[in-house]
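Okay, structure first, notes after.
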Amino acid sequence: MAFATTSALWEKHVLKKDLEEEKVPPMRAFLVGKGVLKMQSEKQDPVNYYVGIDVGTASVRAALVDQFGTIVAHADQRIQIWEPQPDHYEQSSDDIWAACCTVTKKVIQRVDVAWIRGLGFDATCSLVVVDKQFQPLAVNYEGECKRNIIMWMDHRAASQVDRINGTQHSVLSYVGGVMSVEMQPPKLLWMKENLRESCWEKAGYFFDLPDFLSWKATGVTARSLCPLVCKWTYSPEKGWDDSFWKAIGLEDLVADKYEKIGNQVLSPGASVGNGLTPEAAKDLGLAEGTAVAASLIDAHAGGLGVIGADVKGYNLPCANQPVMSRLAVICGTSSCHMGVGWLHSHSDSFV
């Protein structure tokens, strides 16, 4: 589940006094999200709450978590998937946002929203396309603007990814030497080559789905480091590589200084803008200005939750093992093996 209380957000919006007196681990509510922490009742009645929203392939889930890591309420809502032809899978950002609003309103209905201190999103690494006014753009031959998301599991860009891999560009080393058809550059190239007039030339922004949800909530187009590094070839140290985008035929992204794909990057969990906009607050049933955390890809949120879970008292072999020696297996529509470590160039940066 999404990480409404990563350390940066927690420290900014919960009094340090609360942390000291209650001894609440800053990441605890985040770790609850994927179900790795259990309900507990030994603490006094909670004061602060956090909402985590998890957008999977076929449904959206939300959890209301208190400051002690207790899941107070949870809800889920199905979302639509279109398959207009083989290997083409599409969704609607309007449909997904509506589902986010539905599940959020369900989980908060029994608490005073004044005590909800923050929320965060995780989502699949699907590609959302909107125009310069942030209206949905069709990613299909039919011109159906409602279907403005190329899903993570879409394989329409097979020939494009073969050409990208054929460049043997150095940035491919960031993704194991070979780019997957499920990453974003081949999908962008497919749109330029197949939907140039109807989509590519009209596009204002290309978002990874978790970043789109952060924008929808805050009105801020800043991207999270997580999806950019994992699916877009962004380097934490060097940023975007102009030569790569020019080599694969997407030099237009360089020309506008990466405005369309992200030129402001936030660490996961960092507070986004000024929190919820009035419109988003009304949609979600929350208070204007409620803090929003920079997002994660869903599997990565699950990986961090599993790896960082407090497992003492359960007689598990990993109970006394360091976090960086653990491996998380995240199973859903796809399966991922996740680990954590230190970023070599930044000794204090955990990845």
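No value in this document is a laboratory result; all are computed from the given coordinates. Note that this is a predicted model, so its numbers are computed, not measured. Note: ideal-geometry Cβ built from the backbone for every residue, glycine included; neighbour counts use all protein chains shown.
Here are some notes:
- Look at I307, I149, I108 and count the other Cβ atoms within 10 Å of each Cβ; fewest to most, that gives I307, I108, I149.
- The calculated FRET efficiency for E259 paired with H337, based on their beta-carbon distance and R0 = 35 Å, is about 0.50.
- Residues F206, F134, sorted so that the one with the fewest Cβ neighbours within 10 Å comes first: F134, F206
- Across the stretch 7-350, the mean sequence separation of Cα contacts (distance under 8 Å, 6 or more residues apart), normalised by length, yields a relative contact order of 17 percent.
- Relative packing of 79-90, 177-188, which averages over residues the other C-beta atoms within 10 Å, highest first: 177-188, 79-90
- Computed FRET value (nearest 0.05) for R78 with K132, which takes r as the C-beta separation and R₀ as 25 Å: 0.20
- Virtual spin-label span in nm between S159 and A98, 7 Å along Cα→Cβ: 3.6
- Here r is the Cβ-Cβ distance between C318 and Y141 and R0 is 51 Å; the resulting FRET efficiency, rounded to 0.05, is 0.55.
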